[in-house]
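Colleague: Sharing a structure below in structure tokens format, with a few things to ask.
Here, each number is a calculation from the coordinates, and none is a lab measurement. Just so it is clear, the structure is predicted and the values come from calculations on it, not from any experiment. Every residue, glycine among them, receives a Cβ derived from its backbone with ideal geometry; neighbour counts consider all protein chains shown.
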Amino acid sequence: MQAFAAHAPDTALDDLRTRLAAARLPEAETVHGAAPGPGRWAQGVPLADLVDVVHYWRTAYDWRSFEARLDRIGQFRTTVDGLGIHFLHRRSSRADATPLVLTHGWPGSVAEFTHVVDELADPKDGDAPAFHVVIPSLPGFGYSEKPAGTGWGTERIAAAWVELMGRLGYDKFLAHGGDWGGVITTILGGRFPEHVLGIHTVTPQAPPGLSLDALTAADRAWAEETRDFWAHRAAYAKQMAARPQTIGYALVDSPVALLAWILDKFAEWTDTEDSPFERISRDRVLDDVTLYWLTRTGASAARIYYESHDSLDPALRVDVPAAVSVYPRDIEKCPRPWAQERFRRIVRWATPEAGGHFPALEVPGPFAEDLREGLAAVLAAGGR
């Protein structure tokens, strides 16, 4: 274990501003002038919105503030299974705290959780559960090392997290995740019940091939929305699963391309009517995008799709206690009867009132409360 400090050279930040100032942009979308709402984004990120964020990124955004926040939480690096893994580690001051690993996805990063760490580690309510919080960067993301060969899929990552937590002295721990982090959390609960006390996920994935017949109308609507997403709005995943290297050239060479590629998902996947900035500030979005830019991880992060897209073992079952939260504007919403086919001990099922695919960023206070309540139910069910 080695302490780690994030500090981008001034030359890297100067280069970023130079590239932003010299960006060549296309003409406006042909739905330009559409009324506020989803239709305005029908062809992707509107030109006016992108120009506004690029200007702010170049002239006002403060990367040093984000670096300082990471350092305050506590950053470390260690080598697991031959690969350098970066992680944040915030120990609680509470003697009764339980270890908890939080796993992000794409296009997220450890930046998703930086504003909920304190409340999870040392909640203001003394009766609320507290956690020793560990937030690893996925292989090829952020300050973790980029794999030099194939093989770093979600199963291997889950095994690496068990090794990482053990090195920290946490032989038994809780796990939470969404997006790829939700898949990894599912694998942790299913493959490593001797180490995982229980899980909380916002991305429950059912085994394939389940019938719609026994579902309620509301559950069927969820299932049909999810199928529609994968059939008509998942070109980004198919591109990165099939040709991550090709899209990687744009994501590593052009900050504007990287911003547009990620901002498109923040816009479509959040609980908003017109703009992701209704829920998430420009600074929080740019913390995430700038981390990708400065670490040159646009291509290496995309490869998780090549390694693991649609690869969750259909036979995997999770028998440790599980809490599930399905946010109203998420891109995948699994009906509970389907989820129960994989998660055998669901001890809490929640449908929060607001939030989408990035709840820790969109609704950080309610998310922290929801996560605490879910994990409290897990611990009460015997996950200790």
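Colleague: What relative contact order, as a whole-number percentage, does the chain give when Cα pairs under 8 Å and 6 or more residues apart are counted?
Modeller: 19
Colleague: Loop-only check: which trypsin sites (Lys or Arg not before Pro) in the range 20-108 are DSSP coil with at most 13 other Cβ within 10 angstrom?
Modeller: In loop regions of the range 20-108 (DSSP not H, G, I, E or B), the sparsely surrounded trypsin sites (Lys or Arg not before Pro) are Arg24.
Colleague: Still on this structure, I have one more. Based on alpha-carbon centroids, what's the gap between the range 347-384 and the range 183-197 in Å, whole number please?
Modeller: Cα centroid to Cα centroid, the span is 18 Å.
Colleague: Now a separate question. Only sites in a loop by DSSP and with at most 10 other Cβ atoms within 10 Å count here; which GluC sites (Glu not before Pro) in the range 299-384 make the cut?
Modeller: Answer in residue order: Glu353.
Colleague: In whole Å, what is the distance between the alpha-carbon centres of the range 98-147 and the range 206-225?
Modeller: 32
Colleague: While we're looking at this one, here's another question. Bin by bin, in steps of 20 Å, what percent of the Cα pairs in the chain do you find, going until the bin that has the longest distance?
Modeller: Result, from short to long distances: 29, 61, 11 percent.
Colleague: Let me ask you something else. In what order do Met1, Met165 fall by count of nearby beta-carbon atoms within 10 Å, going from fewest to most?
Modeller: Going from least to most buried by this count: Met1, Met165.
Colleague: Nearest 0.05, what FRET efficiency do Glu225 and His32 give at R0 = 35 Å with Cβ-Cβ as r?
Modeller: Here the calculated transfer efficiency is 0.80.
Colleague: Okay, moving on. For the chain, what proportion of DSSP beta bridges, expressed in % and rounded to the nearest 5, is antiparallel?
Modeller: Here the share of antiparallel DSSP bridges comes out near 35 percent.
Colleague: Let me ask something additional. How do 217-225, 166-174 rank on mean C-beta neighbours within 10 Å, highest first?
Modeller: For the peptides 217-225, 166-174, the packing ranking is 166-174, 217-225.
Colleague: Check the chain and count each lysine pair with an alpha-carbon distance under 27 angstrom, considering only pairs eight or more places apart or from different chains.
Modeller: Eligible lysine pairs with Cα atoms under 27 Å apart amount to 6.
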